[in-house]
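Peer 1: Submitted below is the structure of interest, expressed as structure tokens.
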Amino acid sequence: MRGFDTNIKDSTAKADSSFIPYGRQSIDESDVAEVCSVLRSDFLTQGPMVPKFEKGVCDYTAARHAVAVNSGTSALHLACRSLGLGRGDMLWTSPITFVASANCALYCGAQADFVDIDPETWI
């Protein structure tokens, strides 16, 4: 892929003050192989890997139920709905995150309030 270096391995690189890192993923060759397997199958959505994934989440977390959704945004929205968040409620979230962390409250009719960040340290 042009413009995208997949060989960046230097985890000690320091970010300048205009860049605030907030996450790092861990993807190995078995993850890539699983994705390629699904892409080559007859199912990109709602195929046999969905219940397999949900069962894996249950097994890993000892939860009785798991529901796979299409995105983190949908997962947060579903969590707010399952908690009954709605008009008159306030959701506290960090401003140093994806906008979905606040939008999930708005989707349910609640308000979002940003808390927990020190402007000097960004923590």
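Bear in mind these aren't lab numbers, they're just calculated from the coordinates by the rules spelled out. The structure presented is a predicted model; accordingly, all values stated were derived computationally and were not measured. Virtual Cβ from ideal backbone geometry, glycine too; neighbours counted across all protein chains shown.
Peer 1: Using the per-residue mean of other Cβ atoms lying within 10 Å as a proxy for protection, in what order, highest first, do the peptides 45-53, 23-31 fall? Intermediate values should be presented prior to the final figure.
Peer 2: Details: 45-53: 12.1, 23-31: 7.1.
For the peptides 45-53, 23-31, the packing ranking is 45-53, 23-31.
Peer 1: I need the GluC sites (Glu not before Pro) found in segment 33-123, filtered to DSSP loop residues with at most 13 other beta carbons within 10 Å of theirs.
Peer 2: Those that pass, being in a loop and sparsely packed, are GLU120.
Peer 1: Of all alpha-carbon pairs in segment 76-123, indicate the percentage at a distance above 12 angstrom. Intermediate results must be reported in sequence, preceding the final value.
Peer 2: Working: 656 of 1128 pairs.
Summing the P(r) of segment 76-123 above 12 Å gives 58 percent of all pairs.
Peer 1: Still on this structure: Suppose every Lys and Arg Cβ carries +1 and every Asp and Glu Cβ carries -1, with no other charges. What dipole size does segment 46-123 come out with about its Cα centre, to the nearest 20 debye?
Peer 2: That gives segment 46-123 a dipole magnitude of about 520 debye.
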